Every structure is written in C-alpha cells, then in structure tokens.
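Asker: Quick one: the structure is below, questions incoming.
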Amino acid sequence: MKDLASAFTAANASVFAKLGLDPKHADVRRSDRPDLGEFQANGALAVAKAAGKKPQEVAQSVAAEWTATDLSPAPSIAGPGFLNFKVTADALTKRAQFVADDAHAGASSVEHKRRVVVDYGGPNVAKGMHVGHLRASIIGESVKRIYRFRGDEVWGDAHFGDWGFQMGLVITALEDELGGFDDKAKLDVRLKALTLDQLEAIYPAYAKRVKEGDIDVRDRARKATAALQGGSELHRTIWKAMHDVSMAAQKRDFASLGVDFDLWLGESDADPLIPGMVEDLDKKGLLEDDQGARILRVANPGETKKKKRDDGTVVEVESPDPLLVVSSEGSAMYGTTDLATIVQRMRDQKPDLILYCVDQRQADHFEQVYRAADKAGYAKRDQLEHIGFGTMNGPDGTPFKTRAGGVLKLQDLIGQAEEKARQRLKENEIGGDFSKEEFEDVAHKVAIAAIKFADLSNFRGTSYIFDLDRFMSFEGKTGPYLLYQSVRIKSILRKAEEQQIRAGAIEIEHESERALALALDAFDGALRAAYDKKAPHFLAEHAFNLAQAFSGFYTNCPILPSEGAVRASRLALAAATLKQLTLTLDLLGIDVPERM
Ligand code: ARG
C-alpha cells in the first residue's frame, strides 16, 4: 500500500492528465498549513502558463474534477492557486491499519534490487581507532542498513588502512628499538609482546619526526613500505603482527558501537591485484612517467585550477590532479589500492554501486580514483559514489581533540558517554531496581544512542560540535529521549498484556490519533529520502516526529483507562508506533533496551 502523499499524487496526476495538464506537476505533499489541510499541491501555478489560464482557474478546474475519493473530499483553494486536501478519517484508518499489520511497518521496497558495496569505517592499522572514524562508522552502518532494508543486496566492507606508509614507518621504529632485525629470536619475542597501545605511541612519534623534517627516517620508512609491498618476508612478518593486534582491538571497538561488517578486508587485500592492474593500465596507454613516478591523468581538456607555487607565482594546472599510481620508490599509493579494490570488488561482489562513506575532505581523492576507474573500464563513473561528511568538532569549532590536543580514542569517548549516561539515569531515578548487569547494559545503550543520534540528526555534510551534555539530555531531540519514549510504549504494552487487554481494529477519530496516523504514514517517505540521498537524518527526523506524535496522543487519548473498541484501537496504535519506532532506530543503528 502506498503512503498517503504518493496516493494523493497518483490521484491528482490522473485529474491533471484528464484536464490535459502535465501530470509531472501533480505532486502532493504534506502541508505546512495543517489548518487548511494536511496535504497540499502547488502544481496549478506551474502548469497555468502552458494552459494559458490563471492559476486560480486551473486550481478550480482541478478541484471540480476531483471526485471525492476515499482519500479526501474535493480540495479547497488558497492564495494564488494552492490546493489543500483534508484527508478522511477512513483513509487514515486504513493506512494506520496497514502499518500495524505490515512487517516493514509501511515501508516500501526498491523496485529494482541492486548489488551494493558500502565502504565505511576505514580505520588504520597501527593508528588505532579514533573519533575521526566514528562518523564514518555511524553513517556507513546506517546507510548499509537502509539499503539492505529496502531490498538491495549489500556488503559492508571495513577497508582497513593496512598497506600504506604508516606500516613502513612503524617497521622503521621497531628496527631502531631493536637495533636492527638481525636477531630473529629477539624480534620474535618483541612481536609477540606487541600491543595496540605501543603501536599508537610509536606511530605518532615517528610521524612527528618525519613531519619535522627527519629525512633519514622518511627515506627508511619509504624503503620499508616498498619492501613490504615488494613481498619481503621479514617485513610481512612484522606487518602481520601489527595487523593482528590492531584488528583484534578494532573488532572490539566496532562491536561496542554496534557496527558489523560483511567483509573485514583492507587495503592489503587488494595488493595482489596491483601488479596486473598496473600492467593493464600501461597496456591501455593510461600511464605516464613523471619524475620517476607513474601517474594517470584524469582531468578533461580545459579542466584547470589555479595553483600557487612555492615561489609565490600562480599557475593554471590540470584539475583534478593526476592519480599517483606508482611512487618513485615503486610503492603503491592510497589511490592505487583504492583502484585495485574496485577491480577486486567488481570481480568478487559484482556490485552495481559502491558507496564510500568517508570524510568530505577526501572528495578530491575519490574523484581521481573514480575517473581513473572509468577511464580504465573497471567501473562506470556513476557506479561509484562518495558519501562525504563533515567533521565532529570540539567547542572551538575545529575537529575534536582531547584536552592535551591529541586524538581521542574511540573507547575513551564511549567510556565518557557511558559515565554520563549512568549519571543521567540516576538523576532521572531510572534503574535503581536493576541488577548491575542490566543497569550497565542500559547505560551503554543510552550512551550509544546519544552519540549516534546526535551524529545522524544532522545532514551528514554538516559539521557539528560534540556536546555530551546536550546529546545526553532526556528531553528534546536526542537519542536518550527516543529510547525513553520507546521504552514507555513497551511498558504500556506489558501492562496491557498483564491485564489481558487485547489490541483490535484501528479506528482513527481523535485529532491526536489523526496526528499519530499521519506520523506513521510518513515513514516510507522519510526512508525513501534517506535511501535516495544516502542521508540518514531523514529517518532521525522521522523518529523524533513519531515520538512527538505519540506523546501528544498518549496525553490526549488515554489507552488503558479507556474501554472496548476504542481501547483496542489505541492499543493497536501504540503497538504499531513501537514497531515503527524501534525499526527506525534500528536503521540508525540504535538499540532499544527492554526497560529504563
Ligand atoms: N583509512 C582511511 C583513512 O583513515 C579511510 C579509508 C576510506 N575508504 C577508502 N576506500 N579509501 O583516512
């Protein structure tokens, strides 16, 4: 069954067609003037000119032709020719009943199933996971769930950063620490004792040295990277130890965030494909030598940008920059592995679409890679899409850091949120009678809901300020508020069950019941928008609207204290709301506790 806006649009389109007006302009939407009608169409204004009539006249002829369907009586006309529709109680009743009975709570599926890979998370081996990867994980997980829920075949891939320069850098650091790699037994012992904390200390220390101009370290690290990629057994052994230590920690982090992948692959997994790919690119005449490196130009003729040179002069250069395929040391670069990963995915998953949920600041990188893939014939440009997002900022408006100025580890962030959740639960006198285990589980769920909802309630492109106090409020547009509302409905349903009160046929009458039915109806529209735009905030918005509508309904329409068919109907409405709300939250990656 179609949602009401679509049903209205279809009915209006046939009226338009009958009158010889372009049905493309027959769109009916939820109105921002509910006092005039819950739905509205503005198309009379758009088609009037072509029809050689005044918008008012067109609107009148549409209204006259609109035989009162069971959706609505003939629309009223406002202003210069807006059509306002008041939906019938009967249409609302039918729609709410459908939502109540439907396993997908009224959501439609895609018409044509696609095969989709979602590349998200993307933590780096040896660097640990930090808040920079939080948004990628949260948004990517939600997009993956939304695509899967609508019927596509979806693979989430973590695409670990496990093959770049940072690997060579840590290998170089270990070499210094051990005074060389000649003593195999010593190396063995060192690798067995390796921890992620150590890696997270070693890496930035050496990265800093390179940044500060230590050319010796830089060159050795580059050589080590090339040796690793060239297949040196020693380097591979060290790499494997780093990889395994990081992977275990990251799996734990992802699990506590409620993020799961179908493919736990990394850049290194694309490596075996690189030599063949480079050969193929070469054969296709796509590679050029550039001071010892090999590059692939992706700019079209005339595409340029202004670039400031070191001496201050400004020059026109091609844009996007060429993709660096092989460095002068013979190493594969970030873009090379991304390109080879496309080849790998096309071979293994055969996707129609690959979505990359990565920081907006990498937009240029992806544009280079996608164009290169298109040129080489590995994928069409429109099969590849970067889902960029803004940064999570600190109070000063720049990307979030710890007090000491470092990057905050994900585990520490979750820990802080859990601590605040415990506090808030106690302030709200929740969970005093829970076992310690249940209390901790609820605190964890509240913490994750607060972090995720705060992130997903903004359009992903927007940066936002991390403000745990606000995110953790039990009132307003927050994760904890939505959990609280869901749990409240669960408790109503439990009470009904105890009193053996059964839900029955839905009958929409009261104004607050109408509002709730309209909110339930809006789920499919929000889901389709989230799907089309790869933007979960549409669903976050929906979850909040639904919870608000339920709250109004609950205040004005007593459920358990009412009687007979009214009570049965209201109970069914409450159950339908809970089903759709938990489903929506699940699509955002948020788990609801049993009680709180
Ligand atoms: N590891 C990368 C980083 O931390 C993110 C990977 C994104 N995915 C990709 N296919 N490049 O910046």
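Read-outs throughout are calculated quantities, based only on the coordinates presented, and are distinct from any laboratory measurement. Remember, predicted model here, so these are calculated numbers, not experimental data. Cβ placement follows ideal geometry from the backbone for every residue including glycine, while neighbour counts extend to all protein chains displayed.
Asker: Relative to the longest principal axis of the C-alpha atoms of the chain, give the angle of the C-alpha long axis of helix 274-283, reported between 0 and 90° and rounded to the nearest 10°.
Answerer: The angle comes out at about 90 degrees.
Asker: Report P(r) for segment 26-173: all Cα-Cα distances, bin width 10 Å, range 0 to the bin holding the largest distance, values in whole percent.
Answerer: Reading upward from the zero bin: 10, 21, 18, 18, 15, 9, 6, 2, 0.
Asker: In addition: Straight-line reach from residue 240: which lysines have a Cα under 21 Å away, not including same-chain ones fewer than 8 places off?
Answerer: The reachable lysines, counting only those whose Cα sits under 21 Å from residue 240, are 127, 184, 186, 192, 223, 251.
Asker: Mind listing the long-range amide H neighbours of residue 326? Cut-off is under 5 Å, sequence gap 5 or more, other chains count too, H placed in the peptide plane at 1.01 Å from N.
Answerer: 294
Asker: Compare the peptides 162-171, 306-315 by average per-residue count of other Cβ atoms within 10 angstrom and give them in order, highest first.
Answerer: The packing order, highest mean first, is 162-171, 306-315.
Asker: Now, a different point. How would you order 130-139, 470-479 from highest to lowest mean count of nearby Cβ atoms within 10 Å?
Answerer: 130-139, 470-479
Asker: To test your reading of the geometry: what angle, between 0 and 90 degrees and rounded to tens, separates the Cα axis of helix 511-521 from the longest principal axis of the chain?
Answerer: Around 40 degrees separate the two axes.
Asker: Pull out a ≥ b ≥ c, the square roots of the eigenvalues of the alpha-carbon gyration tensor of segment 487-527, then state rounded if a/c is under 1.5, prolate if not and a/b is larger than b/c, and oblate in the remaining case.
Answerer: prolate
Asker: Report ³J(HN,Hα) in whole Hz for each residue of segment 17-23, in order, from the Karplus equation J = 6.51 cos²θ - 1.76 cosθ + 1.60 where θ = phi - 60°; Gly and Pro get x.
Answerer: 4, 4, 8, x, 9, 5, x
Asker: So which lysines can residue 534 reach, going by Cα to Cα under 17 Å and dropping same-chain residues fewer than 8 places off?
Answerer: List returned: 113, 144, 452.
Asker: Could you list, in their original order, any pairs among 420/533; 284/350; 49/86 whose Cα atoms are separated by more than 30 Å?
Answerer: Violating the 30 Å Cα-Cα cut-off are 420/533.
Asker: Report, by chain and number, residues whose modeled amide H sits under 5 Å from the one on residue 130, excluding near sequence neighbours (fewer than 5 apart, same chain).
Answerer: Counting only residues 5 or more places away or on other chains, the set is 410.
Asker: I'd like the distance separating the alpha-carbon centroids of segment 406-482 and segment 129-208, in whole Å.
Answerer: If you average the Cα positions of each part, the centres end up 27 Å apart.
Asker: Moving on. Near residue 380, within a Cβ-to-Cβ distance under 12 Å, what is the net charge of the other residues, with Lys and Arg +1 and Asp and Glu -1?
Answerer: Around residue 380, the surrounding residues sum to -1.
Asker: Further question on the same structure: Using the Karplus equation 6.51 cos²θ - 1.76 cosθ + 1.60 (θ = phi - 60°), what ³J(HN,Hα) coupling, rounded to whole Hz, does each residue of segment 207-217 give in order, writing x for Gly and Pro?
Answerer: 4, 5, 4, 5, 4, 7, x, 6, 5, 4, 4
Asker: Report, by chain and number, residues whose modeled amide H sits under 5 Å from the one on residue 463, excluding near sequence neighbours (fewer than 5 apart, same chain).
Answerer: Long-range HN contacts for residue 463: 391.
Asker: I need the per residue convex hull volume for the chain, using only the alpha carbons, in cubic angstrom as a whole number.
Answerer: With only Cα atoms used, the chain gives 203 Å³ per residue.
Asker: Could I ask something else about it? Just name one of 89, 384, 439: the one whose Cα is farthest towards the positive end of the charge dipole of the chain (beta-carbon charges, Lys/Arg +1, Asp/Glu -1).
Answerer: Towards the positive end, the residue furthest out is 89.
Asker: What are the ³J(HN,Hα) couplings of segment 382-391, residue after residue, when phi is run through the Karplus curve with 6.51, -1.76, 1.60 and θ = phi - 60°? Round to Hz, x for glycine and proline.
Answerer: Once θ is set to phi - 60°, the couplings for segment 382-391 become 7, 8, 10, 9, 8, 9, x, 9, x, 9 Hz.
Asker: State the Cα centre-to-centre distance between segment 498-519 and segment 284-335 in whole Å.
Answerer: Taking the Cα centre of each part, segment 498-519 and segment 284-335 sit 63 Å apart.
Asker: On a 0 to 90 degree scale, rounded to 10, what angle separates helix 436-456 from the longest Cα axis of the chain?
Answerer: Between the helix axis and the principal axis of the chain, the angle is about 90 degrees.
Asker: Which peptide among 199-207, 94-102 comes first, and what is the full order, when sorted by highest mean count of other Cβ atoms within 10 Å?
Answerer: Packing order, densest peptide first, comes out as 94-102, 199-207.
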